Amino acid sequence: MVGKHISYSEWKNWYICPQYHKLTYIDKITQFDGKIHTAFGKAIHTVCEYTLSQPEDYRSSGKIKSLVKEQFLAELKALPQDMQAEAKKNFNLKEWLEKGIEIIPDLYTCLAEKFGKLGEDWEVLKAEEQLYEPITEFTDVDKKFKGFIDLVIMSKKDKKVHLIDWKTCSWGWQPQKKNDKILSYQLVFYKHFWSKKYDVDPKDIECHFVLLKRTAKAGKKAEFVRVTAAKKRTTDALALLTKALSNIEKKNYTKNRSACVSCKDRFGTCEFYKSKHCT
């Protein structure tokens, strides 16, 4: 079997189109190397990790500004040359940087409104918590689930662990996206495998996306979106995960033609549509 593990992203790509999964994860073909939006997202994720895991070092406004600038410029520099040129030509990079800086204090406010004061009411257990746990449900395929949880905290108020995943976006999510089942499965998987890793009752774990909104007004750039991960939803998600493992093992790479154009689970048209790799 190709690979010793599977992530949520890999599973989602298989779910959208098994043929797309084959091209990207097995044949190792990619048509996408990032753009300004992915550079911005990676930069903000890193800033969140640093400022929450080492608050005494990064919480001043001056250090936050320096860190956002440093990370954003580094991620832009890592883009392919044509994407760097496009970003400089078509986007106001100074404005993007300013919007990124505004997100961080709004995130702190959002966390305080939700959990209280850091250190007194809640504590950070881990930033960028790695999962690498065996998948034993409904399958005999020897494979592990791999993932990274952006933030794991313990709330002293409700005595629960909260798993948080950052989602950078422009102005927010529509209600339909907030309730999207397939999107929610990311945190369903995280909750299940984190509870197995530490032998914690799933009832004592809550899950949230936190939207970090670039174009929203200052003061409204962070928003919690709670994700429920009860027993039935977890069972359904694991069944789909193991279905993917079985089909990948059997090399069943069916093309999902309904996902070629305007797929709701990806942005727009498939990168391989009408290419030499997928006619």
Pseudo-spin-label distance LYS177 to TYR108, built 7 Å along Cα→Cβ, given in nm, is 2.7 nm
Rounded to whole Hz and in sequence order, give me ³J(HN,Hα) for the stretch 194-204 from the Karplus expression 6.51 cos²θ - 1.76 cosθ + 1.60, θ = phi - 60°, writing x for Gly and Pro. 5, 5, 5, 4, 10, 6, 10, 4, x, 5, 9
Per the helix-only calculation at 222 nm, which mean residue ellipticity applies to the chain, given -39500 (n - 2.57) for every DSSP H run of n ≥ 4 and division by its residues, nearest 500 deg cm²/dmol? -14000 deg cm²/dmol
Per the charge dipole of the chain (beta-carbon charges, Lys/Arg positive, Asp/Glu negative, Cα centre), the residue among GLN174, HIS192, GLY3 reaching farthest to the positive end is GLN174
Using +1 on the beta carbon of Lys and Arg, -1 on that of Asp and Glu, and nothing else charged, what's the dipole of the chain about the Cα centre, debye to 20? 920 debye
Additional length obtainable on full extension of the chain from LYS203 to LYS94, 0.36 nm per residue less Cα span: 34.8 nm
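Contact order normalised by length for the chain, with contacts defined as Cα pairs under 8 Å and 6 or more residues apart; what percent is it?
Details: 391 pairs, mean separation 59.4, N = 279.
Over the chain, the number comes to 21 percent.
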Find how much the distance from SER246 to SER61 grows on full extension, using 0.36 nm per residue of separation minus their present alpha carbon separation; answer in nm with one decimal. 61.6 nm
Residue of PHE189, PHE72, PHE91 that the Gaussian network model of the chain assigns the largest fluctuation, springs spanning Cα pairs under 10 Å: PHE91
Out of residues 5 or more away from GLU133 or on other chains, whose amide H comes under 5 Å of its own, with H placed 1.01 Å from N in the peptide plane? PHE145
Long-range Cα-Cα pairs in the chain (distance over 23 Å), rounded percent: 59 percent
Among the lysines, which fall within straight-line cross-link reach of LYS159, defined as a Cα-Cα distance under 22 Å, with same-chain neighbours fewer than 8 residues apart omitted? LYS114, LYS117, LYS126, LYS191, LYS196, LYS197, LYS203, LYS231
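Let a ≥ b ≥ c be the square roots of the eigenvalues of the Cα gyration tensor of the stretch 23-99; is it rounded (a/c under 1.5), or, if not, prolate (a/b larger than b/c) or oblate?
Values: a/c = 3.56, a/b = 1.54, b/c = 2.31.
Cα axes put the stretch 23-99 in the oblate bin.
Read-outs throughout are calculated quantities, based only on the coordinates presented, and are distinct from any laboratory measurement. Since the model is a prediction, treat every value here as computed from it, not as a measurement. Glycine also receives a Cβ, built like all others from the backbone with ideal geometry; neighbour counts cover every protein chain displayed.
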